[in-house]
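I have placed the structure first, in the form of structure tokens, so that the comments after it can refer back to it.
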Amino acid sequence: MSWSNKQGAVFAYAVILFAAFTLRLWNLDTQSLWHDEGWSLYPAYTLIGPMGIRGMDVNAPPLFNISIGLWLRIAGDEIWTVRFWSLLTGVIGVAVGMALAKRWFGVGAGALAGIFLAFSPILWVFAQEIRAYIPMPLYTVLLIGIAAQFLVQRSQRVPRSAWLWLFAVTLAALWSHNLSVPLVAWLNATVISGLLLRRAWRRLVAWLLLQSLLFLLYLPWLITQRPTGTPLNTPPSISLELLWQIWQSYFTGIKPMVSADDLLMALCALFGVIAFIAVARAVWLERSVRTWTLLSAAVLLPIFQLLIIRAAHIDFHPRYFLLSAPPTLILIAAGLALPAQGLPILSLRAAGALIAVAIMLRMAWLTYSVPIYQHDDFRGMARHYASLSEQDAIVVPYGWEPSLDYYQEKFSIRASFVEVPIRSSARQVAAQLAEALQGKRYVELFTWYQLPADLRGAFPCLLSAIGVRESELTLSGVHSVRYRLTGNPRALTAQYLPKEQHVAFVPPDDLDLEPSFMFLHAKGGESACLIVDFVVDSVPLKHDWRMAVRLWRADGSLQTQLDTDLRDDWQYLATAQRYGFMATAFLALPVPPENEPMLLTAWLYRDEQRSPSTLLGTLLNENGVVRFVPSVNLLPRRASTPELPLTISTSPFRCPDTENRQVAFAELVAADVPERLSPERDTPIFLAWRALERCEQSYVVFVHLVSADGKLIAQSDSEPVNGARPTVSWRAGETILDQRKLHWHVPDYRGEASLRVGLYDLRSGERLTLMNGGDFVELPHKVTVE
């Protein structure tokens, strides 16, 4: 190469590096510090310290975080200066990648590789973050260059410097981030396969000895690690769509942007066509160790990264494919830069460079015009919290939020933080809030949408029991609800109800449930918090159950209905739990009017199955304080039979008592049945029941309209009073008025029909029998269907 050509190449490379630097510098501190960055920043303050909250990151080896710590001691801890260290690391990665492409495939390949690496969104986006995976692309390119030196002919000697570089770079990668695992897996798979093919046995033995040494040096960190995924995560399924998402990751870097913008996807697809042609040219025209090393990295790294994702049971994210972007882009640049005659290849080179720049421009415009593509705005929320006083508190439902901790000092936040450890039990959460909120005026409940810390609704239930929700603030990715405390937080320290007052749920599948109840409310609280703990002995469960709760007025009308999942302290549903099922339901119930008791019933259900209704108890408002009584005795008792036109005299139904003896339970004493019924008219039917003894189980009342030949025409099957008065709530001597509406099976039937009434067990379908042996009462009144 002539001197002038060298000067031109140096100038072109300098321009590319300057563009890479400028792009990464652009808006470097515009976005907020976010949760994961906070986890990387706090270890930098301590350099070497215990793992955990305000210490070393439990999920990332310490080397890169230590380098940040040394840097901030020189440059300071402002977001811009700390991210500048990541910026420099990213630019060095571009320079090394460009140098590798130039050395292996020539000046043109170096320039194209530089353009692709400089403008690759996944590389420049993450070069603006304080995260330990920032140096991993640099380590990847270095190890690609080192690996090729070990794949030379058996007769050629591997330089000693290559062994030293291999040891140093691999060890640095292993102690920088867990993405080093797929990187080292690729490195060994490629080099060991090559050495076996070349039968370079001595080199292979030396390689294995060095890798064993590296493993031993990595082992102290490896033994501290546990799978980070949970059943709440959804690992990606193997499909062509996943392959397309991985490809898009190289040109987005931001998870919500994958498959979100039509123009960006079109540009990615166009670049994919060029990439296919370029890789095919490289493999066909440049059959060398260098090409095959790059190809193995481009193909195997995504596979190994995907295996790690699925093994750890974590969600798809573009950052997990950060390693495979550099070798893929360098290989594309090599294929385009190979010598060729004619306009087509020149056009492909120009098109490749232009499309790479166009992808960058489109992605940058989307990032800074659509908030969902930006960092979660912890900084904006911290500014909001800076307006609070010492009499206020901020509740973080997952323990420590490092970003808010950082901004607490920067913005002089005076309100105290209540850091409730994630996976705390109901008792632990209530006790910590009761202690921390003493003397406080307002409470802000913080939510970070990416971390499902309170799927059960524990915190809104507890806080509304001692306060009133006043306002809320939603920013990008974060949310805060303000409660004004009106009652004594000590009300949250109430104990579970005595075991003899517990109610037994009897759902389908004969689950052995042991519920415990806690009821919390302080005067002035906008709702009462009912906490129900479940323990199920029959495990593992095959289905996820939900709980339905209904609050009824004394006249049987519905006041409130609530439905909630059953989750344990880890937020897991039943089928995700392996060692026994435990769950807690938090139910925020409205405050009843004074001196108007309301009945609380519940049942469990899944899909099309449900359990019989269970009487939880009665809610009573006494001078502004809601009391929960696990019985029905506070409800007004109807002793006299309502004046219905049809008086019924029949044998009573019987049910098993606690000793499984059949006792007279209830009798149907009156009814109001219209003379004419029609599927076109929604005419109600009224039944009056008199309870004779208490029954320990809830039964379904059926009303069947049958023709003269016994054919079922219409029916009504439900628990009494639409579920408001399950049979377990009936008191001896009480009369229950039950309204019914028929559901028609044969709407075209016309003629005379009769009504049959009875009760049955929802689980088994077995009917209760009368004392005279029958299993239904036929009303002494014929109706005409018209």
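Once both axes come from the Cα atoms, what is the angle between helix 201-222 and the longest principal axis of the chain, in degrees from 0 to 90, rounded to 10?
The helix 201-222 is inclined about 40 degrees to the chain.
Let me understand segment 626-708 better: what is its radius of gyration from the alpha carbons, and its Dmax, in angstrom?
16.3, 53
So what J values fall out for segment 366-379 if you push phi through Karplus, 6.51 cos²θ - 1.76 cosθ + 1.60 with θ = phi - 60°, rounded to Hz, Gly and Pro as x?
5, 4, 9, 10, 10, x, 5, 8, 9, 4, 4, 8, 5, 5
In Å³ and rounded to a whole number, note down the convex hull volume per residue for the Cα atoms of segment 26-178. Display every interim value, and only then the final one.
On the way: hull volume 18.8 nm³, N = 153.
Normalising the Cα hull of segment 26-178 by residue number yields 123 Å³.
Considering only protein heavy atoms, with the full assembly of protein chains and a 1.4 angstrom probe, order Leu604, Leu263, Leu222 by accessible area, largest first.
Working: Leu604 5, Leu263 90, Leu222 65 Å².
The ranking, largest first, comes out as Leu263, Leu222, Leu604.
Give the longest segment of the chain that steers clear of chymotrypsin sites (Phe, Trp or Tyr not before Pro) in DSSP loops with at most 12 neighbouring Cβ atoms within 10 Å, not counting the sites themselves. The partial results should precede the final answer.
On the way: sites that count: Trp26, Tyr449, Tyr579.
The longest uninterrupted stretch comes out as 27-448.
Please give me the summed charge of the neighbours of Ser86: other residues whose Cβ is under 11 Å from its Cβ, Lys and Arg +1, Asp and Glu -1. Could the numbers behind the result be given before it?
Numbers: positive: Arg24, Arg83, Arg131; negative: Glu37, Glu129.
Here the count lands on +1.
Semi-axes of segment 695-785's equivalent ellipsoid from the Cα gyration tensor, sqrt of 5 times each eigenvalue, largest first, rounded to whole Å?
25, 14, 13
Could you look at the chain and say what percent of its accessible area is carbon and sulfur, using a 1.4 Å probe and all protein chains? The partial results should precede the final answer.
Details: 19500 of 33970 Å².
On the chain, the fraction of accessible area on carbon and sulfur atoms equals 57 percent.
Averaging the inverse of every distinct alpha carbon separation and then flipping it gives the Kirkwood radius. What is it for segment 146-296, in angstrom units? Each step should come with its number before you reach the end.
Values: mean 1/r = 0.0537 Å⁻¹.
Kirkwood radius, segment 146-296: 18.6 Å.
Between Tyr368 and Thr234, what is the FRET efficiency for a Förster distance of 30 Å, r being their Cβ-Cβ separation, to the nearest 0.05? Provide the component values of the computation, followed by the final result.
On the way: r = 29 Å, r/R0 = 0.97.
That pair, Tyr368 with Thr234, gives E of 0.55.
What does the accessible area per residue of segment 272-337 come to in Å², with a 1.4 Å probe and no ligands, DNA or RNA counted? Can you show the working numbers first?
On the way: 2420 Å² over 66 residues.
Result: 37 Å² of accessible area for each residue.
Considering only protein heavy atoms, with the full assembly of protein chains and a 1.4 angstrom probe, order Thr224, Thr252 by accessible area, largest first. Intermediate results must be reported in sequence, preceding the final value.
Details: Thr224 60, Thr252 0 Å².
These residues rank, largest area first, as Thr224, Thr252.
With the cut-off at 24 Å, report for segment 547-682 the share of all Cα pairs above it, as a whole percent.
Tail of the P(r) past 24 Å holds 56 percent of the pairs.
What are the extents of the Cα atoms of segment 281-406 along their three principal axes, in Å, largest first?
76, 35, 19
Report, in debye and to the nearest 20, how large the dipole of the chain comes out about its Cα centre when Lys and Arg carry +1 and Asp and Glu carry -1 on their Cβ. Write down the numbers at each step before the final one.
On the way: 66 positive and 66 negative charges, 876 e Å.
The calculation lands at about 4200 debye.
Measure off 7 Å from each Cα along the Cα-to-Cβ vector at Leu47 and Tyr449, then give the distance between these two points in nanometres to one decimal.
Computed distance between label sites Leu47 and Tyr449 equals 4.1 nm.
May I ask for the Kirkwood hydrodynamic radius of the chain, worked out over all distinct Cα pairs and given in angstroms to one decimal?
Values: mean 1/r = 0.0317 Å⁻¹.
Its Kirkwood hydrodynamic radius stands at 31.5 Å.
From the backbone phi of segment 162-176, what are the Karplus-calculated ³J(HN,Hα) couplings (6.51 cos²θ - 1.76 cosθ + 1.60, θ = phi - 60°) in whole Hz, Gly and Pro given as x?
Ordered by residue, 3J(HN,Hα) equals 5, 5, 5, 5, 4, 5, 5, 5, 5, 5, 5, 5, 4, 9, 9 Hz.
Over the Cα atoms of segment 343-408, what is the Rg over Rh ratio if Rh follows Kirkwood? Don't skip to the answer; put the middle values down first.
Numbers: Rg = 21.8 Å, Rh = 15.9 Å.
Rounded to two decimals, Rg/Rh equals 1.37.
So what is the accessible area of segment 729-783 per residue, in Å², with the probe set to 1.4 Å? Let's see the in-between values first.
Values: 2620 Å² over 55 residues.
Computed with neighbouring chains in place, this is 48 Å² per residue.
Would you mind calculating the gained length between Leu208 and Val357 on full extension (0.36 nm times residue separation, minus the Cα-Cα distance), in nm to one decimal? Working shown, then result.
Values: separation 149, 0.36 × 149 = 53.64 nm, distance 4.25 nm.
The Leu208-Val357 span can extend by a further 49.4 nm.
Evaluate E = 1/(1 + (r/R0)^6) for Ala14 and Lys741, where r is the Cβ-Cβ distance and R0 equals 60 Å; express this FRET efficiency to the nearest 0.05. Numbers along the way, then the final one.
On the way: r = 83 Å, r/R0 = 1.38.
Approximately 0.15, to the nearest 0.05.
The values are calculated or read from the model by the stated rules, or taken from the named source; none is laboratory data. Here the structure is a predicted model, which means the values were calculated and not measured. Using ideal geometry, Cβ is built from the backbone for each residue, glycine included, and neighbour counts are taken over all protein chains shown. These area figures cover heavy atoms from the full protein model, side chains too; ligands, DNA and RNA do not enter into them. Shrake-Rupley method; radii C 1.70, N 1.55, O 1.52, S 1.80 Å.
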